[in-house]
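**Q** Got a structure here, written out as structure tokens. Questions coming.
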Amino acid sequence: MRRFLHKVRARGFTVIELMISLAIVGVLASVATPMYQNYRERIRVSTAVTDIAAMSAAIKLYQTDAQQLPASLTQIGNGSKLDPWGRPYWYLDLTTAKGAGASRKDKRLNPLNSDFDLYSLGKDGDSRTSLMAPLSRDDVIRARDGRFIGLARDFDP
């Protein structure tokens with residue numbers, strides 16, 4: 001009987017094996033978490049681009065029917081629409097006298113659009129008129145009268 005007890009060994013993990021396993025899981029989590037957050041941010045930007053393109057088309061249809069741009073996004077049924085970060089989209093009619101001075105500007109301080117500005121404040125929720133300002137680089141913008149819709153940092157006039 002005594003010989004039998006010496007041959008039977010308890011099965012399980014040692015402390016070192018558990019520590020190595022936890023270290024591997026920790027390394028994988030530290031690599032995967034930023035990648036996942038980056039992926040989610042790209043999805044948010046893509047959603048904002050799609051929303052801005054759809055609203056831009058709706059504004060153009062309204063302009064064709066009414067012979068003028070809408071005064072706000074409410075007139076095209078998007079007044080309460082929020083961007084993927086949970087904030088309202090910004091719209092500005094540039095054909096009015098009060099809208100011309102507040103237009104978004106490129107790095108040469110030229111207006112981005114001649115008809116209307118439509119944009120999201122992006123991840124940080126803050127922005128400036130010029131796209132060169134660091135707070136504006138994450139904005140999702142419409143530029144060149146709709147020929148460009150994307151991140152402000154990707155816009156090259």
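The values are calculated or read from the model by the stated rules, or taken from the named source; none is laboratory data. Because the structure is a prediction, the values reported are computed rather than measured. We place every Cβ from the backbone using ideal geometry, glycine too, and count neighbours over all the protein chains shown.
**Q** State the number of residues belonging to region 10-56 that are of a type in the set (Ser, Thr, Tyr) and touching a Lys or Arg at 6+ places or on another chain (Cβ under 7 Å).
**A** Here the count works out to 1.
**Q** Within region 92-124, restricting attention to residues that are out of contact with any strand residue (DSSP E or B) (no Cβ under 9 Å at 6 or more places or on another chain) and assigned to a loop (DSSP other than H, G, I, E, B), which residue is farthest from residue 154 (Cα to Cα)?
**A** My answer is 96.
Rundown of residues vs (1) closer than 18 Å to residue 84 by Cα; (2) modelled with pLDDT of 95 or more, yes/no style:
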| residue | (1), (2) |
| --- | --- |
| 118 | yes, yes |
| 121 | yes, yes |
| 129 | no, no |
| 132 | no, no |
| 135 | yes, no |
| 140 | yes, yes |
| 144 | no, yes |
| 149 | yes, yes |
| 156 | no, no |
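**Q** Please find, among 59, 43, the residue that is buried (at least 16 other Cβ atoms within 10 Å of the Cβ) and farther than 23 Å from residue 130 by Cβ.
**A** Criteria check complete, one pass: 59.
**Q** For region 109-124, which positions are closer than 17 Å to residue 52 by Cα and surrounded by 14 or more Cβ atoms within 10 Å (Cβ to Cβ)?
**A** 112, 113, 115, 116, 117, 118, 119, 120, 121, 122, 123
Each row is one residue, and each column tells you yes or no for (1) part of a loop (DSSP other than H, G, I, E, B); (2) more than 30 Å from residue 40 (Cβ to Cβ); (3) among the charged types (D, E, K, R); (4) touching a His at 6+ places or on another chain (Cβ under 9 Å).
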{"residue": "59", "(1), (2), (3), (4)": "no, no, no, no"}
{"residue": "63", "(1), (2), (3), (4)": "no, yes, no, no"}
{"residue": "126", "(1), (2), (3), (4)": "yes, no, yes, no"}
{"residue": "132", "(1), (2), (3), (4)": "yes, no, no, no"}
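**Q** Of 87, 42, 108, which residue is out of contact with any Ser or Thr (no Cβ under 6 Å at 6 or more places or on another chain), of a type in the set (Lys, Arg) and at pLDDT below 95?
**A** Only one candidate qualifies: 108.
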